[in-house]
Structures are given as structure tokens and as C-alpha cells.
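Take a look at the structure below.
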Amino acid sequence: MTEMRHIGRETRRILGEDILTGKAMYTGDFHPANMHYGKILHSPHPFARVRGIDYSRAMALPGVKCVVTHDDIDPDLSINNGYTPPRHPNVLDEYVRFVGDAVALVVAETEDIAEEACKLIDVDYEVLTPVFNIDDALKPDAPQLYKVFPGNIAPHKQNLNFETGDIEKGFAEADYVVDIETGMDNGQNPMPLEAPVIIAEWKNDTLDLIASCAAPAYCQQNVASSMNLRYEQVRIMAPAVGGSFGSKLYSGNVQVLVLAGLMAMKAHVPVMLRYTREEHLSFHQNRMSTKARIKLGLKKDATVTAVEMRQYSDAGYCASTQEFMMAVGTNSLIHLTKTENKKYDGDVVVTNHMCSGSFRGYGYLESTTLLARAIFNGCEKLGIDPVEYLRKNALTRGEHFYNANATPHCDQVNAVFDWSRVVEESAKAFGWQDKWKGWGVPTWTSPDGRYARGVGVFSAGHADTGGKPSNASVTLTGLGGVYVNTVMVDFGAGTREVMQKIAAEALNMPLENVRLSPADTQAAPPDFGSTGSRSTYCGGICVKRACDDILRQIGERAEAKLGIPAAEVRFGDGFVWQEGNPDKKWPLFPFIMGKVDGITGVGHHNGVENSTIYQIQFVEIEVDRELGTIKVIDHFSGADAGRIINPLAAKNQMESFFAGIDIACMEETVYDPHDYRVLNANNIDYKMRLFNEVPHHSDLVLESCKSVDSPYPFGANGIGEPTIAPGGPAITMALYNACGIMLESYPYTPGKVLAALKEKEERA
């Protein structure tokens, strides 16, 4: 086992102290000279045509700089996320397609003036008939949201329809075939602490954006495309970012960036656009709702013979990244159904409510939840222990699998990890063998019958972690300074500490010598961004390769100046020496480089190489049969990090599990059925777990790459992304085992639990 100087040692967050003391600069803390404020006039109707707008009274209000409507801009401007099918929706449109859609933009000296001006704008609407869900949108006589989407179905851009193996043969070989229809609705909000906030300035033919943004380079491309600007005309800087959980990547986030840009271009002053919490919850984006039909062929020994899935996603008014999320979600088939006989078909449906977009557990949260219900059904019918099912269907090292999202390189290999080991070791640590009593059997019931406990387990995985390109550069100066240039953003997971440690380890330098560039598209090379647990794998690979490039150049210079064969040159702490002779060292300056000299290395990840990530979670719950409440009394997570770079960051990632179980237990966006406006758009009515409500948790993180060659940076891989998906299915199973009821509609509120218990009693 190789001893590491920095990797695996706990360190403090780079911005930790500044965040805790309030010194960290978030977007809302910047105030350029002559900054004005923007506000959006939101539509009160879910579907309508704007027949006319009179904003004369608004312009007469002292302090108002300008008002922008669809008549004032290029009608070809539309939101583009890279995955968007035919250009839609227009940035400002003659039509509004959800309660909250942008009707007009106001720029004023203060937010209060801008808000007051919005109230003075008179709009003449022709109200149209809306559709709010997948079933209604697909009806033959349903209102059509876009002419380019016949039947309200977005045309495909991804590999969303595929078939491998022999489906019919597989089902014929099964001992039991599950065939169910199921769905997941009530799209929850990502709920970062910081709502969207942007400062936009148009100067010197360039749009400068300071933004709370998780993927600056990716958003830069999409903003430029949406506004018909050249790529180099858009600059995005991301300072400290107050969380994302998917909300600061694509759909809704690109829209607010574009709207802020339009305000600045029309007003000719810097403009801050920031959402209130109510606006964020009502108008930005939430998790997509889905429905599916699933067939699963299963043998008595837990072998899956075939799986078929037909899935629809509810995009809301903007069909953008949902198709990509569904494609990513097909990786659930890989991790949960080990069979070559797979078939998948998916469609994205547009409806009249806020857009759905990236969300904690990007795409596979939904697919995992739906697939779990088929697996539970089959395992119970055949009497299969769920842990045995998960062990048998977990990818092992060296196994090939079909990744539809990796077109045209769909044949992928699980390079390093043996995920069945994670299942086995985690089950042992949780004590599953002692706690599991069988399907529908409580682990404990109180003497009076009021309380019952049950255990549940499920897993989730991701097989497209490296599916997009990444770049980084590293510069080593003659005096030993190290500068890492990356546009990777840290919004809570410790991403930038990872980059810092990898560079320090690769160059054998003190950690304090390494500095990171700002997350600025003008200062660092392009990168897909910090999403989907790709930061450590993709960003780390790039930084490591850039450092290896530096070491190669040092070797060449040392050979030329000192006569040491390049292959024998070693470097660390600003000195070079010959392998086997560490006592004779030469400093970088003056023997290799000058004081103001530097060596820059570049690192690239091609987006073809992929890694798989996986997590298993166990829960034990206690149900109060009189009140219908669910209490999580124990929670356990198991994962394999390959090699842990920073134990503190790994611990934080594993402990974010409650965001997943709360989707099943409490988080819910409540809509008015008449117009689909959000009714609980605040932190009081949108229920989330408080710190003192977090249940007991323990975890096991394996490090299987400490002693083996690995394609990962120092053997490290991401562990954060799968944290969200397994918790809900595990609670579903635990609830069934405790009380004999199988609920399907999240969240499992007391009312739903009591209704299901009553129905069960009436059937008995």
C-alpha cells in the first residue's frame, strides 16, 4: 500500500472559515458601480396568449430604467440547454405557458421600485385551456403547447430507445414475470440555501455574468447559444455558491442567466436579478415527475432474465434536459438488473407548469424508485432475500455493460470496483441477517400493537460519471508556487480541496503552495462542471494529467541542464534529484528555471472513459399505527470511494442521505389543481428535516483502490451522487415489512399511511 503525503489526510475547507464568519463573497455580496435591480413580471395564467402590454405607467415611475417585452427583442431568442429539441421556449413570448412565466422585465434603481413597476404594467391576456399532467397532455384532443411538438411529445436527441439481447427469450426463461404500471409525482424542489442570483453587465460587446452557478463553462455555452452571441462574448464567474442540488446547472438556471443578460443589454447598466425564496420555489425548476410500465423477468435464485421499461417524463413548459436525465436514469437498469436482455423506451411530455430539471440524484432517482417497485414485487413472490438480490445483480470488477448514454461507445467496463463486495460488507455491518424476518414481517411490534418496526434496503448506481469532457491546466513557478486552473465549482462538497490535494500529491509539494484559480470561464479551460459525482473523477484526472505533464517537462529540462536521464529525475518541495540519490538535490531556481519562469501542464478528459459509482442503504423505521407517523430509528450507508482523498468531505457526502429519505417521508410541492400554482412556496410550508430530527446514521466506505492500479486519480472516485436514490425505496420496503402496506405516492404522510392501514383492515 502506497503511503500518501496528502491524500487520505483530513484537511479544513479552503473557504470554511470565511463561510462560517460571513467573509465569503457570494454573488449577492457584489455591488458594481451604478448597479440597478431587475424584476420579472410573472404570468398569473398557466396558458394564455398575450394580446397586448401597456407599460407606460411603469416607465413613468421615478427610478425605472427600462421595461423589456417580447416586442423589444429578437423573436428567435430561445432557451437552449444543449439537449433542447427544436428551439423553444422563446425567452419572452407571445404565449405564456405556466403560472410564473416571464411576461416583462423591469430594471430600476432599487428592487422595491422594480417590484412596484411590475404592478403598474397592464397586460391583456387571451386565456387558453392548459394541461397539467402526462395523461392529459397525451390525450388526442389535448391543447398543444408548441407547434414543433405534435402530441405534446418532444422529439428525441438522445439514445432514449434501445434494445439489447433477446427480450422475449429472457421473459420465457423467467420463473416469474412482474408487469406493473407505476409513477412518481409531486416534483420536489432542490432547496439550496441560496436562491438564484445573477449580476449581469454588457460592456465592450461582452456579457459579463457573476452568477451562483454550478457549471460556469457549460452555462456559458448555453447562454451564448440562447442569445445568438459568440461563445467568447459571454463570461461567467462563480464566486462562493450556496448549494445547488441540481438547481444551478441547466433548465431554470440558464433561463435566469439569459433574462439577466437581456436586462443588462437593454438598460446599459449592471443589473442584479435575484429570486426571492417564493419565486425560487414557484418559478425556477423542480424534480421531474415520471410514469412507467415495467416488466421484469426473475428466477428463484435472484437471476434477472429480462427487463423492459417504458417511461414518460413530465417536462413542464420546457423540454430541455429531461431526455438526458431519463437516459442517465437507464443506468439503474445496469446496476439493479444484471442481464443483457434489456429494452427501454422513453418520451418527454410538455405540460403547463414550471419546468423540471436537474435534481439531487439526477435522473436515476426516478428510475431507481420505479424499478424498485417491480423488484420488490418479484422478490416477495419468489421469497428472495432483497440483499441476496442486490448482491447477485451488482456489477463486479471487469464486467462489461451497455451504457446507452455513452453513444457511440456504449460497450463499457466496470474497471475497478466489485460492487457485490459493498453489498456483502454493508449487510454484515448493519446486521441484516439478524434483523431481516421476511417479506411483510415486522422486526418488532409493541405489546399493545400500536408500534411496529420494519427494515428495508436498496441500492443505486451511476454509470456515466465521465460522460462529458473536462480540462484543467497547472502551472509550476520557479519559486515553487503551484496554480491550478479549473472552472470546477465548490458548492458544498469540497471539490476544490480535492483538486488542491491531487495537485499537491502529484507534484510532491506542500499543500499551502497550491492555489486554485477562480471559477471563471475567462481564467480557466472549459469543463462540463461539478455535477453527477464527476468532479473527483473527471476534474481529478485532468489535474493529475496536468501535473504529470509538468513532471515530464521537469525531467526534460533536468536532463538538458544537469545530465540526469529524464526517466530518473525525481521532484518534490521545489527540488530535483536523481532516483537513488536523494541527498544531492538542485532547487528549481536557479538550476532548472528562472524566478519568473513557469512550466504549465495540461490535462484533458475525453468524456469517453467512464466510472461507475454505487451506494447501498439500510433503514429501520418505527410506525405509529394510531397517528400514521414514520420515524427512522436507524440508517446505514455503504459505498466504495476507491481511495478517500479527504475523510471529512467523504463523511459529509455520506451523511447527506437524509435528503433522499425526506423525499419519501416529508418533502412535497403542493399545487393548486386549477392552475398548478405552487401553494407552499416558503420554508415554513415546504417541510424539510431539521438538524435535531436527523436519525442515527453510520456508514462504511471501502477503499478498494489503495493497493491496485487504477484509472482513477490516485484511485479516488466520487461517492456523492447515489446518496439520494436508495433511501426512498428502502423506506417503502421497511414500511411494508412493518405494517403490510405498500405505498407508491411520495411523501408517505400520516394521512396516506392511515388510509392504507384502514384499507388493509377492511380487506382482511
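Numbers for the structure displayed
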{"read-out": "Where a residue in the stretch 45-58 is over 9 Å from ASP124 (Cα atoms) and its partner, wherever it lies, is surrounded by 14 or more Cβ atoms within 10 Å (Cβ to Cβ) and among the polar types (S, T, N, Q), with Cβ under 8 Å and at least six apart", "value": "PRO46/ASN352; PHE47/ASN352; TYR55/THR69"}
{"read-out": "Flag for VAL256 being assigned to a helix (DSSP H, G or I) and either modelled with pLDDT of 95 or more or touching a Pro at 6+ places or on another chain (Cβ under 9 Å) (or both)", "value": "yes"}
{"read-out": "Complete set of residues in the stretch 17-55 that are among the aliphatic types (A, V, I, L, M) and surrounded by 14 or more Cβ atoms within 10 Å (Cβ to Cβ)", "value": "ILE19, ALA24, MET35, ILE40, LEU41, ALA48, VAL50, ILE53"}
{"read-out": "Residues of the stretch 401-431 satisfying the condition of being without any contact (Cβ under 8 Å) to a residue 60 or more places away in the chain and either under 28 Å from GLU163 (Cα atoms) or of a type in the set (A, V, I, L, M) (or both)", "value": "PRO408, ASP411, VAL413, SER420"}
{"read-out": "Within the stretch 153-182, tally of residues that are at pLDDT 90 or above and touching a Ser or Thr at 6+ places or on another chain (Cβ under 6 Å)", "value": "3"}
{"read-out": "Identity of the residue in the stretch 466-477, surrounded by 24 or more Cβ atoms within 10 Å (Cβ to Cβ) and either at pLDDT 85 or above or among the β-branched types (Val, Ile, Thr) (or both), that ends up nearest to the chain's Cα centre (by Cα)", "value": "SER470"}
{"read-out": "Hits in the stretch 93-102 - residues which are touching a residue at least 60 places away in the same chain (Cβ under 8 Å) and farther than 17 Å from GLU278 by Cβ", "value": "ARG97"}
{"read-out": "Residue check, LEU229 closer than 26 Å to TYR317 by Cβ, of a type in the set (A, V, I, L, M, F, W, C) and part of a strand (DSSP E or B)", "value": "no"}
{"read-out": "Subset tally (residues that are under 30 Å from ILE719 (Cβ atoms) and of a type in the set (S, T, N, Q)) for the stretch 569-614", "value": "4"}
{"read-out": "The stretch 525-571, residues that are at positive phi and either of a type outside the set (S, T, N, Q) or surrounded by fewer than 17 Cβ atoms within 10 Å (Cβ to Cβ) (or both)", "value": "GLY529, GLY532, GLY563"}
{"read-out": "Single condition SER282 does not satisfy, out of (1) touching an Asp or Glu at 6+ places or on another chain (Cβ under 7 Å); (2) under 30 Å from ARG360 (Cα atoms)", "value": "(1)"}
{"read-out": "Qualifying residue in the stretch 183-205 (condition: under 30 Å from THR339 (Cβ atoms) and surrounded by fewer than 22 Cβ atoms within 10 Å (Cβ to Cβ))", "value": "yes"}
{"read-out": "All positions within the stretch 232-252 that are assigned to a helix (DSSP H, G or I) and either acidic (Asp, Glu) or surrounded by fewer than 20 Cβ atoms within 10 Å (Cβ to Cβ) (or both)", "value": "GLU232, GLN233"}
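Every residue, every condition in (1) assigned to a loop (DSSP other than H, G, I, E, B); (2) in contact with a helix residue (DSSP H, G or I) (Cβ under 8 Å, 6 or more places away or on another chain), yes or no:
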residue: PRO590; (1), (2): no, no
residue: LYS595; (1), (2): yes, yes
residue: GLN617; (1), (2): no, yes
residue: GLU622; (1), (2): no, yes
residue: GLU626; (1), (2): yes, no
residue: ILE645; (1), (2): yes, yes
residue: LYS651; (1), (2): no, no
residue: SER656; (1), (2): no, yes
residue: ASP675; (1), (2): yes, no
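The values are calculated or read from the model by the stated rules, or taken from the named source; none is laboratory data. Everything quoted here is computed from the prediction, not taken from an experiment. Glycine gets a Cβ as well: all are built from the backbone with ideal geometry, and neighbour counts include every protein chain shown.
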